[in-house]
Each structure stands twice: as structure tokens, then as C-alpha cells.
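Colleague: Here it is, the structure, as C-alpha cells.
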């Protein structure tokens with residue numbers, strides 16, 4: 001198969017370029033990541049992040065033929081004969097397929113991603129009914145790969161002000177947790193022209209999420225709760 | 001090599017941001033100490049994220065249970081090589097650390113009464129090994145490790161822990177006077193800069209070295225970095241021959257399928273459709289210990305009852321559980337099976353094969369995380385200011401075979417206890433920081449200089465691939481004397497080749513070729529310690545199954561192995577058979 005990869009090493013290159021590789025696949029090569037690892041055995045200068053190779057660590061997010069995804073769970077058979085790989089859009093490129101995710105994590109941290117509960121901790125677990133626990137499904141599974149936020153034009157324009165779909169999905173994860181007591185504080189923090197309301201529901205995030213999560217729906221729920229408390 | 005490295009000083013250095021590193025960091029940060037956590041990947045990318053089935057704690061939410069039973073199961077699971085004081089310590093603190101994790105926000109599955117959901121797991125029984133299984137594995141669907149790692153990261157965000165993300169630790173710095181640990185050298189991947197991190201206490205929480213094998217459930221990052229650093233600094237590695245083969249790695253891909261599948265009622269079939277585990281473990285069947293199940297599978301395959309055209313795997317059946325259970329309790333498994341095995345487990349079985357999964361051995365430590373080595377009269381003298389926790393350590397609670405769900409527990413209990421001990425030790429120190437020894441950091445700079453200057457040599461990827469192939473071929477589920485001897489020779493050759501590698505990429509910026517070359521040094525120490533220790537141990541115990549010595553030999557081998565890099569030599573030390581407060585569980589024949 002033919003793979004064209006975005007290459008840029010600030011130590012060496014004046015400007016980025018696409019480099020073409022003809023990859024001879026082995027029968028055991030199933031995923032796009034396998035093909036990248038094969039390229040790297042020939043050209044060790046190709047740089048990308050990878051770790052778990054099973055879609056749970058979120059390291060190898062990249063732009064695959066124009067769409068964000070994880071290389072390790074993208075099947076080669078589902079791809080055309082010529083694939084073009086670029087770094088995730090909208091974030092500064094450090095080198096090749098590696099982007100600087102500082103801004104992305106800053107937004108994640110800004111939503112206070114932890115349960116806030118002011119009661120003294122009981123001796124045993126805090127009780128939560130299965131129905132209450134079900135509210136967290138589709139939220140807690142996020143792997144922070146940034147496929148969604150870097151597919152979102154609002155995040156491209158205002159990465160410093162708009163929390164972005166990944167951060168907002170987690171904001172709702174804590175609002176939805178029956179053990180959390182900081183809903184009002186969390187809503188106050190998001191009631192802002194940028195932090196939440198830059199989402200225009202174009203649903204690129206839903207399309208991009210490799211874990212089939214739905215940030216747009218979570219954002220809708222936050223807006224709903226805000227409206228309810230306003231009236 | 002004349003100019004010295006920049007020095008950064010902290011109260012505590014934690015190397016690794018998986019479960020144990022982050023649990024320790026949390027303890028340290030909450031004590032208002034200045035902590036640096038170095039990690040070569042963003043914390044939530046650490047391999048703890050891939051743990052699936054659960055975390056053990058005798059909460060007794062669904063079946064009667066207590067720490068005594070859990071302790072017995074762990075001792076028996078370890079094939080009596082586990083240290084019984086450490087095992088008692090871990091089992092007694094299990095409920096505390098799991099409840100704390102729940103209070104931190106861990107999204108545990110729930111029972112109707114609102115308590116934490118628990119499922120059965122291999123080797124976890126009621127009433128000291130009765131046929132009744134204990135429901136002891138606290139689960140978040142089949143994503144327990146992911147939920148735990150994120151919860152711990154979130155708490156560290158709250159505690160303002162200082163992370164050095166994408167910094168790879170290179171070498172351990174010790175005081176030549178008394179061997180105390182002063183810190184580590186580390187490389188910032190983004191810039192290529194090297195710095196010396198000095199601490200009053202240094203914890204290794206660097207994970208295992210499962211990547212020394214060709215077929216592994218482990219992430220790419222599991223290259224035994226802590227083991228390599230410790231070995232190069234003269235610290236022995238303990239019980240490295242004991243590598244756990246998980247029974248159910250996806251055939252061909254190596255990706256893990258949790259034992260929780262069998263906990264929920266799934267079982268293994270050979271090509272005749274026979275539920276063969278009934279023959280090997282009449283009571284526990286598919287929920288026998290992992291070493292037992294992996295050997296049974298390998299025997300089935302060897303005797304021609306494997307599945308597929310090559311008759312080289314078996315099938316894991318779970319369609320009878322129904323879509324509801326699969327979608328609610330095992331959604332991640334379904335995702336993995338569809339992606340990596342082209343099999344939807346709601347309709348068809350998953351092809352599986354025993355796959356390297358967990359390293360029981362590691363840096364010798366006690367249950368307070370203090371690293372201990374033989375010195376003068378003592379078998380276990382404390383190495384000052386050096387601690388180890390999690391998979392890189394050997395405490396030893398897992399002995400010769402770890403029980404499923406005890407690894408996440410190990411991370412929390414010993415992450416916390418080493419954090420507590422570090423706080424105590426730092427506060428008791430008479431002086432703030434030691435003087436740096438002359439030439440600190442020279443070893444790291446020499447390694448980097450070699451890579452920078454080498455203009456010819458073998459590719460790192462080739463040498464690494466040969467190492468993994470050699471370990472797979474010569475040090476597998478069953479171990480044969482001639483194969484082991486060949487294995488030792490091959491790894492020695494590969495160790496020499498690893499000194500003559502060459503990388504084309506000389507860039508300063510995010511040079512992953514350089515990182516892989518540095519990792520290879522750590523893989524070599526890990527593989528060497530494993531195969532040399534395995535070759536020397538002339539018995540079968542837990543994960544070490546010797547074809548020529550099929551029986552356990554307590555008279556000669558109820559002892560821990562210590563491997564030293566210098567001279568490639570071995571020493572042994574006794575097992576702690578005496579628990580803290582209860583009676584010893586005497587070694588007996590192990591059946592399930």
C-alpha cells in the first residue's frame with residue numbers, strides 16, 4: 001500500500017512536506033499502526049506516538065485521509081490503496097505526526113475533572129444505584145485522544161476559550177455523577193459566551209470519536225440543565 | 001563531556017505515572033512535598049489503562065468473604081513463593097484502598113443495593129480454597145484499569161502534582177559512598193535536553209517488561225526501563241523467571257481478553273468442542289489460576305486438539321451469556337473481538353492463545369516500598385532513599401504466579417504504602433540534599449553520545465525483533481533444558497549486538513528512534529535476567545514449567561532468585577513464610 005505522511009522536523013526542515021512510502025505488508029499487519037511500525041523499521045526518523053495498540057490509551061490519534069482517528073484500530077482493509085496521514089489539525093506540530101496537546105489538556109483540567117463532594121467520606125463506598133451509575137456510560141470511557149476537539153472548528157478558532165467537545169463531555173460526566181455536589185459551580189463556570197456556547201452542534205466530534213461517544217449530546221444536556229435552572 | 005547537566009531538585013522523584021506511581025504521587029502531593037513525576041507518556045496513556053476485569057478486595061458485597069481467604073488464595077496462587085508478610089499486608093489493606101478509590105470518583109459498576117459490583121475471577125475462592133468461588137473482583141465493566149488510571153490522574157490534577165510528561169528516565173544516580181539513591185537522569189523527548197533530577201527519595205513505578213516477548217498483551221512502552229536502570233546501577237532483580245502467560249490473548253494479535261469473560265460464565269473449547277478445563281481443574285475449571293489454564297491450553301494444542309487450519313489456538317465461548325450481559329459487563333471485549341479477531345462474541349467464539357502478560361519478578365522491595373538487597377550480614381538491607389512499587393517491583397506478593405485482579409490492588413496498596421514511607425523518611429532526614437557525586441550523569445551521556453556518533457551498525461528494530469523472537473522460542477509456557485541453554489547464549493549475543501546499534505535519525509526534537517534505542521538497553525537487561533534465572537531454576541513452580549523438572553521442589557527451590565548484571569550471576573534468598581499476625585500457610589500440593 002502507499003502511504004503519504006506529513007513530515008516536519010524543526011531541527012532540519014524549513015517547511016513541512018509529504019513523504020511517500022511504499023509499504024510491503026506482512027499477513028499479520030492488520031491495522032494502520034502496523035503499517036506505520038513497518039515504515040519505521042525502514043526509516044527510523046518517522047515520528048509518531050503509540051502505546052497500547054488496542055484503542056484504550058489514546059496515543060496514536062492522527063488525521064487519516066482527512067478524518068481523525070486512531071491508527072491502532074483503523075483496519076488496513078477498510079482503507080483505500082493510497083492513504084494520506086497528517087497530524088491532528090488545529091494544534092501546533094512538534095514533529096511529523098506529533099502535536100503539542102498542551103492547550104487540549106488545559107481545557108480538560110479547566111472543568112475540574114474530579115468528583116467534588118463536601119461530606120465526610122463514609123466508612124464504606126458511597127451508594128449509587130445502577131440507574132444512577134448508568135448515567136456515566138458513554139462519558140467516562142473517554143481516552144483523551146483529542147480526535148473530537150481537533151475536528152471541531154470552534155476549537156480551532158478558540159482553543160484558549162472554548163472548552164471543546166472532550167472537555168465538555170467530561171464536564172457533563174461529573175455533573176451526571178450522583179456523588180458530585182458541585183453542579184451549580186460547574187454550570188456557573190460554563191455559563192460564558194465561549195466556554196460552552198461556542199458549540200454549534202455540527203457534530204464533527206461525534207463523527208470523529210473512535211470510542212463512539214457523543215459529546216454533542218452531553219453538551220446538549222448541559223445546556224438543558226442550564227435552561228432549567230434559569231426558569 | 002566536560003560541562004555538567006542541569007540539576008532540578010525536589011523532595012521526591014516518582015518515575016512512572018501508571019497506577020502505583022500516581023497513587024504514590026497523590027500521597028506525596030497531599031503531604032505538601034515537592035514532587036516530580038517523570039513519565040515517558042502522558043499519564044493516562046500508561047499501561048494500567050489496559051487492565052480490564054477488576055480489582056480484588058474482600059468487600060463481601062455479593063458473597064461472604066474476608067481478607068484471610070483472599071490471603072490464602074494469593075499464597076496458593078503464588079505457588080508458595082510469595083512473601084506471606086507482604087501478602088497479609090496487601091489483603092488487609094485491600095478494602096481501605098478500594099473504598100478510597102470509590103470516594104475519589106471511580107465509576108464502579110453497582111449492585112441493586114448501590115454497593116460496588118463484584119465478579120468471580122480465577123483462583124479467588126471462599127473458605128480457603130473450597131469449590132465455591134468468591135465474588136471479589138470490583139469492576140467497572142471491562143474497563144477497570146482505564147477508569148482507575150483516569151481517576152488517579154484526576155486526583156493528581158486536583159492535588160497539583162507536578163508531571164514531567166514525555167520525559168524518559170535514563171539512569172539511576174547513587175552515592176558511591178553508601179549506595180544511597182540520589183535521583184535519575186532523564187531526557188526530555190520534545191527537546192532532546194538531558195537533566196539530572198535530584199530527590200531526597202526516588203520511587204520507581206516504571207511497570208513491567210512484557211515487551212521482551214514477541215507475543216505480548218503489553219503496550220509498546222513496557223520495556224522494563226526501571227529494571228534496566230536498577231540493574232545497571234548494581235541492584236539485583238528478583239524472581240525474573242516468572243512471567244505470566246495470560247490464557248486469553250487474541251490469536252494473532254496478542255490483545256488481552258479479560259479473565260472476567262470466564263468470571264461472567266464464558267469457557268474454553270478445543271477443536272472437538274470439548275470444555276477441556278474440566279479435565280485439568282475439576283473444581284475451578286476455567287477459573288483455575290492462570291498458569292494452570294495456560295498450560296492446559298498449550299497441552300491441548302500440542303496434542304493436536306487446537307482449532308483452526310494450523311491447530312494452534314483454542315476458542316473462548318461466551319455467546320451463551322446473551323447480548324445483555326455482554327453489552328453491559330463486557331462491552332470493551334466485544335469491541336476488541338470484532339476489531340482484532342473479526343468475531344462478534346454475541347454470535348461466535350473468540351480465537352485465543354496464551355500470551356505474555358505480567359512480570360511477577362522485579363526490583364526487590366519490602367511492603368513499605370523500600371528497595372532491599374543483600375549486604376554483609378543482612379539478606380535484605382535497605383537501599384537508602386530508593387523505593388519501587390507496581391509491576392517493576394517484587395514485593396513479593398505474586399510469587400511464582402499472580403492471581404487476576406491482584407495487580408491493580410498491588411498498585412494501590414504499595415503505591416500508597418511507599419508514598420507513606422517516603423514522607424516519613426524525607427521528614428526524618430538530617431540534611432536537605434546530598435552533594436552530587438563527581439561524574440553523576442556521565443553514564444547517560446555516554447549512552448547518548450554513542451548513539452549520536454555511530455554512523456554505521458545494526459538497526460535497533462532488528463536487534464529488538466531478534467530479542468523478542470529468542471525469548472518467545474526459548475523461554476515460553478513450557479521450558480526445555482536445551483532451549484533454555486540456547487536462549488541464554490542467544491540473549492548474550494543480542495546484548496553484544498545492542499551495543500553496536502545505529503540510528504539514522506540524529507534530530508534533537510522528539511527523536512523516537514533514540515528513545516527506542518535507549519529502551520533496547522532495558523529490554524536486554526530484562527530478557528537476560530529472565531532467561532538466566534529460568535535456566536538455573538531446576539523445578540516447576542507457578543509460571544516456571546520445566547519439562548525436565550515437572551514437579552515443585554520445596555526442599556531445594558523454595559527461595560527467591562536474585563540476578564546481578566555484574567558477572568551475570570545469581571544468588572538466592574529465603575521466602576518470608578511467616579505472615580505478620582496469622583499462622584503460616586504451609587506449602588502443599590496445588591490443585592484447582
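Taken together, the values in this text are just the output of simple stated rules run on the coordinates, not laboratory data. Since this is a predicted model, take the numbers as computed values, not measurements. With ideal geometry, Cβ positions are generated from the backbone for all residues, glycine too; neighbour counts draw on all protein chains shown.
Colleague: Where does the Debye-calculated log10 I(q)/I(0) of chain B sit at q = 0.07, 0.09, 0.10, 0.12 Å⁻¹, using only Cα point scatterers of equal weight, no solvent?
Modeller: Ignoring solvent entirely, the Cα scatterers give -0.38, -0.64, -0.80, -1.19.
Colleague: Taking 30 Å as R0, compute the FRET efficiency from the Cβ-Cβ separation of residue A:188 and residue A:120 and round it to 0.05.
Modeller: Computed FRET efficiency for residue A:188 and residue A:120: 0.75.
Colleague: Also: In µm²/s, what is D for the stretch B:251-356 at 10 °C and 1.306 mPa s, where D = kT/(6 pi eta Rh) by Stokes-Einstein and Rh is the Kirkwood radius from Cα pairs?
Modeller: Numbers: Rh = 13.7 Å.
Estimated via Stokes-Einstein, D reaches 116 µm²/s.
Colleague: May I pose another question? How high is the relative contact order of chain B, given as a whole-number percent (alpha carbon pairs under 8 Å, six or more residues apart)?
Modeller: On the way: 1416 pairs, mean separation 126.9, N = 592.
RCO, chain B: 21 percent.
Colleague: Here's another thing I want to ask about it. Over its Cα atoms, what ratio of radius of gyration to 2.2 N^0.38 Å does the protein assembly as shown give? Walk me through the intermediate numbers first.
Modeller: Numbers: Rg = 25.3 Å, N = 823, 2.2 N^0.38 = 28.2 Å.
In units of the 2.2 N^0.38 Å rule of thumb, it is 0.90.
Colleague: Order of B:512, B:144, B:191 from fewest to most other C-beta atoms within 10 Å? Write out the running numbers ahead of the final one.
Modeller: Values: B:512 23, B:144 27, B:191 13.
Starting with the residue having the fewest Cβ neighbours, the order is B:191, B:512, B:144.
Colleague: Which whole-percent values make up P(r) of the stretch B:1-104 when all C-alpha to C-alpha distances are grouped in 10 Å steps starting at zero?
Modeller: Distribution as computed: 12, 30, 33, 17, 6, 2, 0 percent.
Colleague: Give me the distance in nm between label points sitting 7 Å out from Cα along the Cα-to-Cβ direction at residue A:132 and residue A:181, one decimal.
Modeller: 1.3 nm
Colleague: Could you state the angle between the C-alpha long axis of helix B:512-536 and the longest principal axis of the C-alpha atoms of chain B, as a value from 0 to 90 degrees rounded to the nearest 10?
Modeller: 60 degrees
Colleague: Using a 10 Å cut-off around each Cβ of peptide B:101-114, what is the average number of partner chain Cβ atoms that fall inside? Could the numbers behind the result be given before it?
Modeller: Numbers: counts 1, 8, 9, 4, 13, 3, 12, 4, 6, 9, 5, 3, 3, 9.
That average works out to 6.
Colleague: Tell me, what is the percent relative contact order of the stretch B:442-559, built from C-alpha pairs under 8 Å that lie six or more residues apart? Can you show the working numbers first?
Modeller: Values: 124 pairs, mean separation 36.3, N = 118.
So the answer I get is 31 percent.
Colleague: For the stretch B:442-559, what does the convex hull of the Cα positions come to per residue, in cubic angstrom?
Modeller: Values: hull volume 13.4 nm³, N = 118.
Spread over its residues, the Cα hull of the stretch B:442-559 gives 113 Å³ apiece.
Colleague: Quick one: B:378, A:4, A:45, fewest Cβ neighbours within 10 Å first, how do they rank?
Modeller: B:378, A:4, A:45
Colleague: Residue A:207 versus residue A:41, label points 7 Å from Cα toward the beta carbon: distance in nm?
Modeller: Going by the 7 Å Cα→Cβ label model, 3.6 nm.
Colleague: What does DSSP give for the protein assembly as shown in terms of the percent of beta bridges that are antiparallel, rounded to the nearest 5? Could the numbers behind the result be given before it?
Modeller: Details: 63 of 92 bridges.
Of the beta bridges lying entirely in the protein assembly as shown, close to 70 percent run antiparallel.
Colleague: To the nearest 0.05, what FRET efficiency results for residue A:231 and residue B:160 with a Förster distance of 41 Å applied to their C-beta separation?
Modeller: Numbers: r = 38 Å, r/R0 = 0.92.
After rounding, the FRET efficiency stands at 0.60.
Colleague: Can you order the peptides A:76-89, B:528-541, B:212-225 by their average number of other Cβ atoms within 10 Å per residue, highest first? Present the calculation step by step, with values, prior to reporting the outcome.
Modeller: Details: A:76-89: 15.1, B:528-541: 23.2, B:212-225: 25.9.
Descending mean neighbour count gives B:212-225, B:528-541, A:76-89.
Colleague: Right, next: Roughly what would the spin-label model give for residue B:380 and residue B:275, points 7 Å off Cα along C-beta, in nm?
Modeller: 4.2 nm
Colleague: Work out, step by step, the length gained on full extension between residue A:109 and residue A:67: first 0.36 nm times the residue separation, then minus their alpha carbon distance; give nm to one decimal. Before the final figure, lay out each step's value.
Modeller: Values: separation 42, 0.36 × 42 = 15.12 nm, distance 2.59 nm.
Full extension from residue A:109 to residue A:67 adds 12.5 nm.
Colleague: Treating the angle as unsigned and between 0 and 90°, give the value, to the nearest 10°, between the Cα long axis of helix B:144-158 and the longest Cα principal axis of chain B.
Modeller: The angle comes out at about 40 degrees.
Colleague: Would you kindly state how much longer the chain becomes between residue B:325 and residue B:427 on full extension, computed as 0.36 nm times their sequence separation minus their alpha carbon distance, in nm to one decimal?
Modeller: Numbers: separation 102, 0.36 × 102 = 36.72 nm, distance 5.06 nm.
Once the chain is fully extended between residue B:325 and residue B:427, it gains 31.7 nm.
Colleague: Sticking with this structure for a sec: May I ask you to sort A:119, B:442 by Cβ crowding, counting other Cβ atoms within 10 Å and putting the fewest first? Write down the numbers at each step before the final one.
Modeller: Numbers: A:119 9, B:442 16.
The most exposed by this proxy come first: A:119, B:442.
Colleague: Place a point 7 Å from the Cα of residue B:578 along the Cα-to-Cβ direction; which residues of the stretch B:352-370 have their backbone N under 19 Å from it?
Modeller: B:366-368
Colleague: When averaged across all projection directions, what area in nm² does the alpha-carbon convex hull of the stretch A:68-130 cover? List each step's numbers first, then the result.
Modeller: Numbers: hull surface 35.0 nm².
Convex hull of Cα atoms, orientation-averaged projection: 8.7 nm².
Colleague: Take every DSSP beta bridge whose two residues both sit in chain B, then give the antiparallel share in percent to the nearest 5. It would help to have the intermediate numbers written out before the result.
Modeller: On the way: 48 of 73 bridges.
The antiparallel fraction comes to roughly 65 percent.
Colleague: Can you compute the helix-only [θ] at 222 nm over chain B? Use -39500 (n - 2.57) per DSSP H run of at least 4 residues, normalise by all residues, nearest 500 deg cm²/dmol.
Modeller: Value at 222 nm, helices only: -11000 deg cm²/dmol.
Colleague: Now for a different question. Note the angle between two axes, namely the Cα long axis of helix B:67-77 and the longest principal axis of the Cα atoms of chain B, as a number of degrees from 0 to 90, rounded to the nearest 10.
Modeller: Computed tilt is about 80 degrees.
Colleague: Grab every C-alpha pair in chain A, bin the distances at 5 angstrom width from 0 up to the longest one, and report whole percents.
Modeller: In whole percents, the pair-distance histogram is 1, 6, 13, 16, 16, 13, 11, 9, 6, 4, 3, 1, 0.
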